[in-house]
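All remarks here apply to the structure that follows.
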Amino acid sequence: MSPEDALEPTPTDHEGQDTRPGELLIPEDTYLTSGVHIGTQQKSASMRRFVYKVRFDGLHVLDIRETDRRIRLAAKFLARFPADRILAVSQRQYGQKPVRVFAKTIGAVSFSERFVPGCLTNPNLAEYFEPKVLVVTDPATDQQALSEAVSIGIPIVGLCDVNNETRNVDLVIPANNKGRVALATLYWLLAREVLKSRGGPAAEAPYALTIEDFQAAL
């Protein structure tokens with residue numbers, strides 16, 4: 001069973017809005033002010049199901065509750081793997097610091113900036129690494145890492161904006177994967193939830209990191 005298969009259908013009203021009871025992982029205002037829900041004007045067929053509405057300026061708005069519950073699922077999924085066999089990547093400038101801090105926080109490995117072709121498939125490279133799961137910041141800009149993960153048969157968790165193609169992503173987290181504050185918020189929250197899902201002392205200790213700790217410089 002893929003991580004996507006574990007998701008249950010979300011009850012909706014006639015306009016498509018989530019009507020399930022329950023609290024979000026963080027206040028709704030935090031999601032909104034960070035722009036996690038603001039997507040692109042272009043929309044792929046595979047991301048249509050995550051769109052809540054289209055704004056007056058043509059930007060698609062993502063369903064925050066769907067983002068929230070998929071962060072929960074992704075955290076539980078990642079917590080099943082040895083920390084040092086989780087690989088997080090980002091070639092997007094605003095994703096590089098969030099990825100590094102995320103990896104350091106949960107004990108994972110990060111490849112930020114340029115991904116050297118063959119890192120996952122060529123044992124002769126100095127950068128060669130054998131992860132058990134891959135986290136991509138953007139399936140488009142992280143295409144090389146994604147393709148190599150597919151070729152070696154490991155699952156892929158991806159932050160996917162409205163314009164992304166998701167056919168090779170096993171667990172989609174619908175979100176703005178281009179904004180500086182949005183990416184910091186997403187990786188800050190995902191790191192917190194992974195630690196909580198693992199249990200033990202790390203889950204019980206106060207989470208001292210802030211969203212600002214994950215933010216890339218302007």
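For this structure, a couple of remarks:
- Inside the stretch 153-171, residues that are part of a strand (DSSP E or B) and either in contact with a helix residue (DSSP H, G or I) (Cβ under 7 Å, 6 or more places away or on another chain) or at pLDDT below 95 (or both) make up a count of 5.
- Test result for V89, of a type in the set (V, I, T), closer than 16 Å to I154 by Cβ and surrounded by fewer than 20 Cβ atoms within 10 Å (Cβ to Cβ): no
- Any hit, the stretch 2-23, residues being modelled with pLDDT of 85 or more and part of a loop (DSSP other than H, G, I, E, B): yes
- Considering residues of the stretch 197-218 that are of a type in the set (D, E, K, R) and modelled with pLDDT of 95 or more only, the residue most open to solvent (accessible area, probe 1.4 Å): E212
- Being closer than 30 Å to Y52 by Cβ, open to solvent by 10 Å² or more (accessible area, probe 1.4 Å) and in a loop (DSSP other than H, G, I, E, B) holds for only one residue in T141, T121, and it is T141.
- Which listed residue, of R70, R48, R65, is in contact with a Leu (Cβ under 8 Å, 6 or more places away or on another chain), without any contact (Cβ under 8 Å) to a residue 60 or more places away in the chain and assigned to a helix (DSSP H, G or I): R65
- Scanning the stretch 103-118 for residues that are free of Cβ contacts under 8 Å to residues at least 60 places away in the same chain, in a helix (DSSP H, G or I) and within 15 Å of the chain's Cα centre (by Cα) yields one hit, A103.
- Positions within the stretch 144-183 being surrounded by 21 or more Cβ atoms within 10 Å (Cβ to Cβ), among the aliphatic types (A, V, I, L, M) and without any contact (Cβ under 8 Å) to a residue 24 or more places away in the chain, in sequence order: L146, I156
- Failed item in (1) over 30 Å from A203 (Cβ atoms); (2) at pLDDT 95 or above; (3) in contact with an Asp or Glu (Cβ under 8 Å, 6 or more places away or on another chain), with N124 passing the rest: (3)
- Residue check for K43: free of Cβ contacts under 8 Å to residues at least 60 places away in the same chain, surrounded by fewer than 20 Cβ atoms within 10 Å (Cβ to Cβ) and touching a strand residue (DSSP E or B) at 6+ places or on another chain (Cβ under 8 Å): no
- Condition broken by L186, with the remaining ones in (1) without any contact (Cβ under 8 Å) to a residue 40 or more places away in the chain; (2) in a helix (DSSP H, G or I) satisfied: (1)
- Residue that is nearest to A145 (Cα to Cα), among those in the stretch 73-86 that are in a helix (DSSP H, G or I) and open to solvent by 40 Å² or more (accessible area, probe 1.4 Å): R85
The values are calculated or read from the model by the stated rules, or taken from the named source; none is laboratory data. As the structure is a computational prediction, the values presented were derived from the model and not from experiment. Cβ sites come from the backbone with ideal geometry, for glycine too, and all protein chains shown count toward neighbours. These accessible areas exclude ligands, DNA and RNA; they are computed on the full protein's heavy atoms, side chains included. Shrake-Rupley method; radii C 1.70, N 1.55, O 1.52, S 1.80 Å.
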